[in-house]
Amino acid sequence: MLTQEQNKRLTEVGPGTPCGNLMRRYWHPVALSKELTGAPVPVRVLGENLVLFRGEDGAPGLVGARCPHRGTDLSYARIEGGALRCLYHGWLVAANGRCLEMPGEPPGSTFVNKVRHTAYPCREVQGIVFAYMGPGEPVPFPQFPWVGAPAESVWAAKMLINCNYLQANEGNCDPQHLSVLHRFFKPVAEDRTFDRSRDMWVVDPAPNIEVEDTPYGLRIYAIRDVGAEQRYVRITNFIMPNNSSFGGSSVVDPEVKKLPENTYYHFHWHVPIDDYNHWKYRISYRIDGPLDKAYCDSLIADDDMDEHFNRARRLENRYLQTRENMAYTFTGMGHNFQDHDRFAVESQGEIADRTIEHLGTPDRAVTAMRRVMLRAIDDVAAGREPLMAHRDENNPLAELVTLGETIPTTTDLRALWRERVTQ
Ligand code: FES
Ligand SMILES: [Fe+2]
């Protein structure tokens, strides 16, 4: 349970708020590259209305949506070189926020040098445009394992979630819900993802959960009893401040090829649009070869995601739940995990009221995540660099390991991931 004050401190992300200040110390995805088809794109990030565009040199730029002159919307602007030409009076606003031209000013006017517009540095990595919206020079781009990987080993998508980002963060730090929310009773014809590991989640619905602090956030162990002298261990990770990594559904069609366990994993990155909505960016990475992008697309888009990245199952249609489907799935909402998770977090309310919850033993990692976040918010408020946003050379992600494995009860859990790091 949190106080009202703590809940506000963790959930409000607008400019000048404590958590907004924290969020602005990190790179965040702001669009998929494929959204930049020519016209500038209006985007809303951390409560700020912005315009993303690709200059004629190919580089993405992200600037404030309202023209610095008198506020006309720059998402309608003409693109000229690496800048936007406002349609109203023709000011030319560059991707770095400088004004390059003001056609209405008299000859000799120096007004053009005095205006600075909101502008944020961008980087394009693996089909995603990222931005740094914080003060000063950007922190180094985080060294996720997929950053330098071949493009055919990485897949990215996004979907809309109509609630505060923190609820989704909490879902990612909550391994126990796998035994319930995502439970299938029997494989259905269209379900191509029913597999052995899912059975393990059901065998022991009360996993022992252990949490470790790491340089990037938290390493979370969910340990399930699966018969004599064996346990199924799943290691997932909370990555500051709104990201997570874990195993899960295959990245190639399992009917075509069965991949060895732990050769691929997923990232869920929850980027606030504002306090009440966020984008869930999903990045999948196969360590040892190409993934099947068409198959990955089918997993996230199979229920007709619309052109606004909004899946068909949503709050206004009660997630198309049917009692009939409950014979196959616990939720009655189909076989796609994305929909189950969306339902679970959106139906907590736009911003969950954490003053009325009752946290139990399996919520240990949720509590730990909030503690890590509150500490980082305090760090920024005190002028210190928060976790995962240091400007030194160390790679906080060096010991990021995601896995799911059945092991003898005698195996040391710490040895398990350390072995993976040194491989
Ligand atoms: S409002 Fe944009 S140039 Fe005047
Ligand atoms: Fe889930």
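Computed from the coordinates by the stated procedures, all read-outs in this text should not be read as laboratory data. A quick note: this is a predicted structure, and the numbers were derived from the prediction, not measured. Reconstructed Cβ throughout: ideal geometry from the backbone, glycine too, with neighbour counts over all protein chains shown.
How much net charge surrounds ILE223 when only the other residues with a Cβ under 14 Å from the Cβ of ILE223 are counted, with Lys and Arg +1 and Asp and Glu -1?
Within the 14 Å Cβ shell, the charges total -1.
Just add up the charged neighbours of THR11: K/R +1, D/E -1, any other residue whose Cβ is under 12 Å from the Cβ of THR11. Walk me through the numbers before you get to the answer.
Details: positive: LYS8, ARG9, ARG354, ARG370; negative: GLU5, GLU12, GLU170, ASP274, ASP275, GLU350, ASP353.
Summing Lys/Arg as +1 and Asp/Glu as -1 gives -3.
Apply the Karplus parameterisation 6.51 cos²θ - 1.76 cosθ + 1.60, with θ equal to phi minus 60°, to every residue of segment 72-82 and state each ³J(HN,Hα) to the nearest whole Hz, in sequence, with x for glycine and proline.
Once θ is set to phi - 60°, the couplings for segment 72-82 become 5, 5, 7, 6, 9, 5, 7, 9, 10, x, x Hz.
Could you give the size of the charge dipole of segment 326-411 about its Cα centre, using +1 on the Cβ of each K and R and -1 on the Cβ of each D and E, expressed in debye and rounded to the nearest 20?
Around 180 debye, computed over segment 326-411.
Determine by what factor the alpha-carbon radius of gyration of segment 27-132 differs from 2.2 N^0.38 Å, reporting the quotient.
That ratio works out to 1.04.
Where a Cα-Cα gap under 20 Å defines reach, which lysines qualify for LYS158, not counting those fewer than 8 residues away within the same chain?
Those lysines meeting the cut-off are LYS34, LYS280, LYS293.
For segment 27-132, give the magnitude of the charge dipole about the Cα centre (Cβ charges: +1 Lys/Arg, -1 Asp/Glu; no others), in debye to the nearest 20.
On the way: 11 positive and 9 negative charges, 43 e Å.
Approximately 200 debye in magnitude.
Going by average Cβ density within 10 Å per residue, which order do the peptides 122-130, 291-299 take, highest to lowest?
The densest-packed peptide leads the list: 122-130, 291-299.
Counting other C-beta atoms within 10 Å, and keeping those with at most 11, which DSSP coil GluC sites (Glu not before Pro) do you find in segment 206-238?
GLU229
Taking 8 Å as the Cα distance limit and 6 or more residues as the minimum spacing, I'd like the relative contact order of the chain as a percentage. List each step's numbers first, then the result.
Numbers: 851 pairs, mean separation 83.0, N = 423.
Computed over the chain, the figure is 20 percent.
Counting other beta carbons within 10 Å of each residue's own, what order do TRP91, TRP146 fall into, fewest first? Please list the in-between numbers first.
Working: TRP91 27, TRP146 22.
Neighbour counts put them in this order, fewest first: TRP146, TRP91.
Loop-only GluC sites (Glu not before Pro) in segment 22-96, please: DSSP not H, G, I, E or B, and at most 11 other Cβ atoms within 10 Å.
Here the GluC sites (Glu not before Pro) that fit, given the DSSP loop and packing criteria, are GLU56.
Given points 7 Å out from each Cα along the Cα-Cβ axis, report the ALA149 to GLU210 separation in nanometres with one decimal.
With each label placed 7 Å out from Cα toward Cβ, I get 2.7 nm.
How far, in nm, would the chain grow between GLU419 and ARG375 when pulled straight, counting 0.36 nm per residue and subtracting the alpha carbon separation?
Result: 12.8 nm gained on full extension.
List, in order, the whole-Hz ³J(HN,Hα) value for each residue of segment 316-331 obtained from phi through the Karplus relation with A = 6.51, B = -1.76, C = 1.60 and θ = phi - 60°; use x for Gly and Pro.
Per residue, the Karplus-derived 3J(HN,Hα) values read 5, 10, 6, 6, 6, 5, 10, 5, 4, 5, 5, 6, 10, 10, 5, 7 Hz.
Using R₀ = 41 Å, calculate the FRET efficiency as 1/(1 + (r/R₀)^6) where r is the Cβ-Cβ separation of ARG323 and THR263; round to 0.05.
About 0.60, to the nearest 0.05.
Name the long-range amide H neighbours of ALA83: under 5 Å, sequence gap of 5 or more, or other chain; modelled H, no Pro or chain starts.
Hits under the 5 Å cutoff: GLU56.
Taking a Cβ-Cβ separation under 4.7 Å as the criterion for a possible partner, which cysteines of the chain have none?
CYS19, CYS99, CYS122, CYS163, CYS173, CYS296
Can you name the helices of the chain, as whole DSSP H runs, whose Cα span along the helix axis is 18 Å or more and whose Kyte-Doolittle mean is not below 0.0? Before the final figure, lay out the partial values.
Numbers: long enough: 364-381 (26 Å, 0.34).
Span-like helices here: 364-381.
Using the Karplus curve 6.51 cos²θ - 1.76 cosθ + 1.60 with θ = phi - 60°, what ³J(HN,Hα) values do you get for each residue of segment 24-37, in whole Hz, with x for Gly and Pro?
Karplus values, whole Hz, x for Gly and Pro: 6, 8, 10, 6, 10, x, 10, 5, 7, 4, 5, 6, 8, 8.
Take PHE111, PHE309, PHE238 and order them by how many other Cβ atoms sit within 10 Å, fewest up front.
PHE111, PHE309, PHE238
With a 10 Å Cβ neighbour count serving as the proxy for reagent exposure, in which order, fewest first, do ARG364, ARG78, ARG24 appear?
Going from sparsest to densest Cβ surroundings: ARG78, ARG364, ARG24.
Based on the alpha carbon coordinates of the chain, what radius of gyration and maximum Cα-Cα distance (Dmax) apply, in Å?
Cα radius of gyration and Dmax of the chain are 22.7, 86 Å respectively.
Sorted by average packing, counted as other Cβ atoms within 10 angstrom per residue and highest first, what order do 382-394, 239-251 take?
239-251, 382-394
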